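Notes follow once the structure below has been shown.
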Amino acid sequence: MHPDLTERILQHLETADKVDTLDLATLFAEDHQKIVGSLKSIQAHGELVTAETVTHKSLGLTDEGRAVVEHGSHEALVYALVPPEGIAQAALMTAGGANAKVGFSKAMSHGWILVDKSVTPPLVRRKVDTITDVVRNQLQQVALGKGDQLPAKEVADFKKRKLLQETTTKSFVLARGPEFATTLTKLETDLTVEMLANGLWDQLKFKAYNFDALGAPPTRGHLHPLLKVRTEFRQIFLEMGFSEMPTNNYVESSFWNFDALYQPQQHPARDAHDTFFVNHPARSHKFPQDYLERVKKVHSVGGYGSKGYGYDWKLEEAQKNLLRTHTTAVSARMLYKLANQEGGFKAAKYFSIDKVFRNETLDATHLAEFHQVEGVIADVGLTLGDLIGTLYEFFRKLGITQLEFKPAYNPYTEPSMEIFCYHPGLAKWIEVGNSGVFRPEMLLPMGLPENVNVIAWGLSLERPTMIKYGINNIRDLVGPKVDLKMVEEGPICRLDHV
Ligand code: PHE
C-alpha cells in the first residue's frame, strides 16, 4: 500500500519495543489512517508485528464551541447587546439571532441583566457594569489542549450545551511479532507448476484470498427504457394474436399518410406547422394507379354512399414527401395489401410500435418525435362493441382495468373515441390513446369487401414509459440531455400482466 511507510514502521520497531500508531503518525508527520493502512499490509504478510487495539477518549470543541471561543458565549453576546438605556426583550431577541434565547436565560441567572417592568413595554437593562466570560475562557483552555484541567461539572454542563464533545480514536500498539523482519517479501498470488515441482511452494508466502472483494462489473450495452416498455407491449400484442407491421420507413408520401386516410388536402394537420415535409426527394411518384383514382374520386365527389368533401383533389399535394406523422400510414398500406392479396380477404390483426414525427412546440411532455403503439383488426361485421371489448382486454394486460371513452374526431374513423384510464398512483383520469372504426370512405376504395369493418387504436409509448419509470420531463427520457446512468441503472420493465 505505502511501501516506504511499511518499511519505516518496521525499522522503527527494530529498536523500539512498543509504539502506538498515533505516535507514529506524529513522528512521521503522516495521516493516522495511512499508518493503519500500512499496518494492514504488514499484517497481510504474516506475524511480523503484534497489534493491540487501544481506544483514546479526548475532549474536543463542537462547531458551536468553536464559535464561542471566537466570538464569546451566548450570554456574553446578549449582555453586550443591552445598551445603557435598556432595550425591549423582543428587539433584543431579534438582534441576538438563533442563540439569543439561551444567552438571555443564562445572563439572567448569572445576574448580569434584569427585566425592568416599571415601564411599558418592559425593558431589559444591565444589572452589572462588567462581566467575565468564564465559559469562553474555559473553552479557550480546551482549544489549547488543556481540556483535562476542566472540572468534571463544567465538562458535563458544556457537553449538555453541545459546546464540547467526547471523541474516541482507535489506535494500535505495535510490537515485534514472531516473524519480525524489517522488509516485506513480495507475496505470491499464484501457485505455479514450477513451485510444486521444485518444492518451493512450502517456503513461499502466499497472499490470502479476499473472498469479500466485489468483482468488476462487466461493461455491456443497456436497453433504453423505451425499448424495454416496447418489448412488453410487443409481448401483449403477440399474446393476443397480432402480427407486426413493417414500419421501417420514416419518410412517407402525403398520399399514404393523409389521402388514403380520407384526410382532406386542406386539413390543418397537413400544414408545415404540424408536419415536417421532406425536400430531397420532395415527391413520390409510384402509387397504385387505380386505387389513387378511387381515392381522388371519394375526396372530390364522393362514392360508396358518401358525398365526399367536394373539392379539387390535387395529385401534387398527395405526392409531397414527409416524415410520417402517425403509424396509421403504415396501417393504411397494410390494409390496402390485405384487400388486394391473392386468394381474397382474410381476417387480420396487426400491430406496430415505431417512431413518428410532428412539428410541435417542444415542452416538458412533447418532442418533435415520439413512438406510437398501434393496433388494427380487420374482420367481417366488427362493431364499436368489439373495439371497446378489445381495448379492455389490451389495457387489462397492461394492468389497467378502469377505462372511460370520450367521443372524438378523426378524419379516418367514425365513430372515434379518446381513451382515458384511471391512474391510481396519480389519482386521476388521464388520456392514454385514441381509437375508432375506420370509415368506409377509407376502406372501400382500397377494395375491402363491404361487410368488412376495421377497428384500430393508437397510443404513445413515451407516456406509459414516463409513468412507469417516474420521469416527469421528456427531455430526461429522450435527447442529448439524457443521463446515461439512468439508462444503465434503470430497472427492467414488467407490466402487471393480468
Ligand atoms: N393515428 C391516431 C393518432 O395519431 C391514432 C389512431 C389510430 C386513432 C387508429 C384511431 C385509430 O393519434
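The values are calculated or read from the model by the stated rules, or taken from the named source; none is laboratory data. If you're wondering where the values come from, they're calculated on a predicted model, not measured in any experiment. Reconstructed Cβ throughout: ideal geometry from the backbone, glycine too, with neighbour counts over all protein chains shown. Side chains are part of the model used for accessible areas, which takes the heavy atoms of the whole protein and leaves out ligands, DNA and RNA. Shrake-Rupley method; radii C 1.70, N 1.55, O 1.52, S 1.80 Å.
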Only one residue in Leu403, Leu338 is under 30 Å from Pro449 (Cα atoms), open to solvent by less than 40 Å² (accessible area, probe 1.4 Å) and either in contact (Cβ under 8 Å) with a residue 60 or more places away in the chain or more than 15 Å from the ligand (Cβ to nearest atom) (or both). Which one?
Leu338
Could you grab the pairs with beta carbons closer than 9 Å, sequence gap of 6+ or different chains, first residue in the range 113-138 and more than 15 Å from Ala91 (Cβ to Cβ), second one in a loop (DSSP other than H, G, I, E, B) and basic (Lys, Arg)?
Leu114/Lys127; Val135/Arg161
From the list Leu292, Leu322, which one is within 16 Å of the ligand (Cβ to nearest atom) and either in contact (Cβ under 8 Å) with a residue 24 or more places away in the chain or open to solvent by 20 Å² or more (accessible area, probe 1.4 Å) (or both)?
Leu322
When the residues of the range 188-222 are narrowed to those that are in contact with an Asp or Glu (Cβ under 8 Å, 6 or more places away or on another chain) and at pLDDT below 90, which ends up nearest to Ala44 (Cα to Cα)?
Lys207
Kindly state which helices (runs of 4 or more DSSP H) lie completely within the range 289-367 and contain at least 1 residues that are touching a Pro at 6+ places or on another chain (Cβ under 8 Å).
289-300, 328-339
Of all residues in the range 145-197, which are of a type in the set (Val, Ile, Thr), in contact (Cβ under 8 Å) with a residue 24 or more places away in the chain and open to solvent by 60 Å² or more (accessible area, probe 1.4 Å)?
Thr168, Thr183, Thr185
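Yes/no per residue for (1) open to solvent by 20 Å² or more (accessible area, probe 1.4 Å); (2) touching a residue at least 24 places away in the same chain (Cβ under 8 Å); (3) within 21 Å of Met446 (Cα to Cα); (4) within 26 Å of the chain's Cα centre (by Cα):
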position	(1), (2), (3), (4)
Phe345	yes, yes, yes, no
Ala348	no, yes, yes, no
Phe351	no, yes, yes, no
Ala364	yes, yes, no, yes
Leu367	yes, yes, no, yes
Phe370	yes, yes, no, yes
Val376	no, yes, yes, no
Gly385	yes, no, no, no
Leu398	yes, yes, no, yes
State all residues of the range 406-429 that are touching a residue at least 24 places away in the same chain (Cβ under 8 Å) and part of a strand (DSSP E or B); if no residue qualifies, say none.
Ala408, Asn410, Thr413, Glu414, Pro415, Met417, Ile419, Cys421, His423, Trp429
